[in-house]
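Colleague: Provided herewith is a single structure, encoded as C-alpha cells, for subsequent inquiry.
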Amino acid sequence: MCCVEAMRERLFDINGDEGRQMSNARTQTDITILGLGAMGSAYAREFVNAGKQVTVWNRSPGKADKLVRDGAHLATDVKAAISASPVTILAVVDHDSIRRMLSDDVLAESSKRTLVDLTTGTEAEFAELAARTANAGIAFLAGAVLAYPRSVGKQDTAVFYSGDAGVFDHNKTLLSLIGGTQHYVGSDLSVGVKTALAIALMGFVAIGGFFEAVAFAEKSGVPVAKMSEYIRTSGIPWMSECMTYLGERIATQTDDGDQATIDLYVEGFASLQTDLHAANVSSRAVASVVDYVQAAQQAGLGSKGLSALYDLVRSNKLNM
C-alpha cells in the first residue's frame, strides 16, 4: 500500500457510519466541491463516477448522503474541505454565500491550492475574490457551465473559463469531467461568465419563439413532437447558417439588403402576426422582433439588410 493510500485509510474510517467524514487534517483527495445544490451535486457525481477521490461540503450535510454512499468524502467544515484537495470548485448560489464561507481564516489555511469559481457573479465580485485569494497565495479561475445538471459531464457540454491561462492549462484535464467542450476566453475574470450568459440570453429568447412556433404548428395540425423534430433537424441548421452570415456581415460592416431588406421583414412579420392572432396563439416573441424591424424602418434603414439592426441594438438607440 502506497503512502497516500495508507493516509486515506487512517483518515477515513470506512467501517462506521461516519465512514467518510473527514477530520481537519490535511488529506489527499483529487478535488473538493463546495455546495451541493443541483449543479454542485452533478459535478461531484461526475468526479466520483470517473474514479476520482472527491471531498464534498454543504451547509446542510444531509445533501451529501447519496454521494457519500457512492464514495465521496464529507468534510466537517469549509476549511477541512479546501485543505483536502489541490483543487476546489465553488458551486453555491451567489458570492454573498462565498464571502460567508471563505473567511480570512479559511483562506489563510488554503495557500498553494486552486479555487475554481463556477458561481454566477458580477465583475466586481470576481475581482474581489481574486484579490483575496491572491493575497492568500491561492490560484483562482472563474467559469460558467452552459448546461443544466442533466448535461453535466457530457462531451458536448460547454464550459467557459477566464482568469490565469496557466491555471486553466494546468487543470483543464481534471475540469473536463464537468464538460468536454472547454473554452478559455481570456484573462478578464468576468468574461467567461459573461460569454455564457450572452449565449443563454440568445437561447432563452429563442425558447420563447420555439413555444410560439410549436403552438402555432400544433393548431395547424402538426403534432408537438413532430414540430420539435422539424425545428431540431431543419430549423437549427438554418439558424446556424443565419448567425454565421450575420456575424460576418456585422464584422465587415456590410448591411446592404441584397438577401432581404428591412422593409420586406416588416411586411412579412405583419403577415405572420396576423396568422398567429387568427390561431389564438401568443406572439410576444415575434412582437419583439417586429419592434426591432419597425424601429429600423423608422430610422431610415428600410433598404438595408437585417444586420443593420446590430448598431441600433449595440448603441441602445432603440431605448432612447
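Colleague: Answer yes if at least one residue in the stretch 122-137 is within 22 Å of the chain's Cα centre (by Cα) and under 16 Å from G37 (Cα atoms), and no otherwise.
Modeller: no
Colleague: Say we look at the stretch 225-267 and pick out the residues that are among the small types (G, A, S) and surrounded by 12 or more Cβ atoms within 10 Å (Cβ to Cβ); which of these is farthest from S303 (Cα to Cα)?
Modeller: S228
Colleague: Report the residue count in the stretch 237-260 for those that are in contact (Cβ under 8 Å) with a residue 40 or more places away in the chain and either in a loop (DSSP other than H, G, I, E, B) or small (G, A, S) (or both).
Modeller: The qualifying residues number 6.
Colleague: Restricting the search to the stretch 137-184, which residues are assigned to a helix (DSSP H, G or I) and either at positive phi or loosely packed, with under 14 Cβ neighbours inside 10 Å (or both)?
Modeller: Those that are assigned to a helix (DSSP H, G or I) and either at positive phi or loosely packed, with under 14 Cβ neighbours inside 10 Å (or both): R150, A165, G166, D169, T173.
Colleague: Given the conditions (1) surrounded by 13 or more Cβ atoms within 10 Å (Cβ to Cβ); (2) on the phi < 0 side of the Ramachandran plot, report the number of the one that D96 does not fulfil.
Modeller: Every listed condition holds for D96 apart from (1).
Colleague: Here are some residues: A200, A215, A225, A251. Which one is closer than 13 Å to V145 by Cα, in the same structural domain as S283 (by the TED database) and out of contact with any helix residue (DSSP H, G or I) (no Cβ under 8 Å at 6 or more places or on another chain)?
Modeller: Residue meeting the stated conditions: A200.
Colleague: Given the criteria at pLDDT 95 or above, within 23 Å of F204 (Cα to Cα), of a type in the set (A, V, I, L, M, F, W, C) and crowded, with 16+ Cβ neighbours inside 10 Å, does V281 qualify?
Modeller: Yes; evaluated as a whole, the condition is true for this residue.
Yes or no, residue by residue, for (1) in contact with a Gly (Cβ under 8 Å, 6 or more places away or on another chain); (2) under 15 Å from E46 (Cβ atoms); (3) not β-branched (V, I, T):
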| position | (1), (2), (3) |
| --- | --- |
| T157 | yes, yes, no |
| L174 | no, yes, yes |
| H183 | yes, no, yes |
| L189 | yes, no, yes |
| G192 | yes, no, yes |
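Colleague: Would you pick out the residues in the stretch 173-200 that are over 11 Å from the mean Cα position of the chain (by Cα) and farther than 20 Å from Q155 by Cα?
Modeller: Selection gives G186, S187, D188, L189, S190, V191.
Colleague: How many residues are under 16 Å from Q259 (Cα atoms) and either touching a strand residue (DSSP E or B) at 6+ places or on another chain (Cβ under 9 Å) or assigned to a helix (DSSP H, G or I) (or both) if we restrict to the stretch 287-320?
Modeller: Going through the stretch 287-320 one residue at a time, the tally reaches 8.
Colleague: Out of all the residues in the stretch 185-202, which are more than 19 Å from L90 (Cβ to Cβ) and in a helix (DSSP H, G or I)?
Modeller: A198, I199, A200, L201, M202
Colleague: For G192, indicate whether it is under 30 Å from V48 (Cβ atoms) and in contact with a strand residue (DSSP E or B) (Cβ under 6 Å, 6 or more places away or on another chain).
Modeller: yes
Colleague: If only one of V286, V290 is touching a Ser or Thr at 6+ places or on another chain (Cβ under 9 Å) and at pLDDT below 95, which one is it?
Modeller: V290
Colleague: Something else now. Is it the case that some residue within the stretch 274-282 is in a loop (DSSP other than H, G, I, E, B), β-branched (V, I, T) and at negative phi?
Modeller: Within the stretch 274-282, one or more residues are in a loop (DSSP other than H, G, I, E, B), β-branched (V, I, T) and at negative phi.
Colleague: Could you give every pair whose Cβ atoms fall below 6 Å, whose first residue belongs to the stretch 164-182 and is over 13 Å from A139 (Cβ atoms) and assigned by the TED database to the domain that holds D117, and whose second residue is of a type in the set (F, W, Y) and not in a loop (DSSP other than H, G, I, E, B), counting only separations of at least 6 or pairs across chains?
Modeller: As it stands, the answer is L177/F47; I178/Y43, since those pairs meet every condition given.
The values are calculated or read from the model by the stated rules, or taken from the named source; none is laboratory data. Given the structure is predicted, the values throughout are model-derived calculations rather than measurements. As a convention, Cβ positions derive from the backbone with ideal geometry for all residues, glycine included, and neighbour counts pool all protein chains shown.
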